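What follows is one structure encoded as structure tokens, with my remarks underneath.
The values are calculated or read from the model by the stated rules, or taken from the named source; none is laboratory data. Since the model is a prediction, treat every value here as computed from it, not as a measurement. Don't worry about glycine lacking a Cβ; one is built from the backbone with ideal geometry, like all the others, and counts go over all protein chains shown.
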Amino acid sequence: MSTYYTNAVHKVWSVNASHQHIELVCQEGSGTHWTPDEVIASIAGGNVWRTRGKDGSSALIKPLQYCPAPGCLTKPYITTSPDHTTANNLDNLPACQ
Ligand SMILES: [Zn+2]
């Protein structure tokens, strides 16, 4: 089992263009792109996924059944719990290169 960090994400607009979805997360170090499906499968397999914010802080990534936007049934989805800094929020990470 391993702990993986992501420090960048690739987002796409939802079908009705009201909000954005995380399509890929970029693994820190290797630069490998992982889909939310792949991250959730990795977590289910016993690995830990965390964000790394620009301020060096980190947050645990957890699966969600659906996108948290009201009325949106896009799934699966991954998120982080709010903490003392927004820099490590999954949605706030900079764009993948
Ligand atoms: Zn959505």
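Per-structure values
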quantity: Hits in region 63-73 - residues which are loosely packed, with under 15 Cβ neighbours inside 10 Å and touching a strand residue (DSSP E or B) at 6+ places or on another chain (Cβ under 8 Å); calculated: Leu64, Gln65, Tyr66, Pro68
quantity: Any hit, region 53-66, residues being modelled with pLDDT under 95, within 16 Å of the ligand (Cβ to nearest atom) and in contact with a Cys (Cβ under 8 Å, 6 or more places away or on another chain); calculated: yes
quantity: Residue that is nearest to the ligand (Cβ to nearest atom), among those in region 1-22 that are hydroxyl-bearing (Ser, Thr, Tyr) and under 15 Å from the mean Cα position of the chain (by Cα); calculated: Thr6
quantity: Matching residues, region 52-97, being assigned to a loop (DSSP other than H, G, I, E, B), touching a residue at least 60 places away in the same chain (Cβ under 8 Å) and under 11 Å from His21 (Cβ atoms); calculated: Thr74
quantity: Filtered residues of region 1-39 (kept if touching a residue at least 24 places away in the same chain (Cβ under 8 Å) and part of a loop (DSSP other than H, G, I, E, B)); calculated: Met1, Ser2, Ser14, Ser18, His19, Glu28, Gly29, Gly31
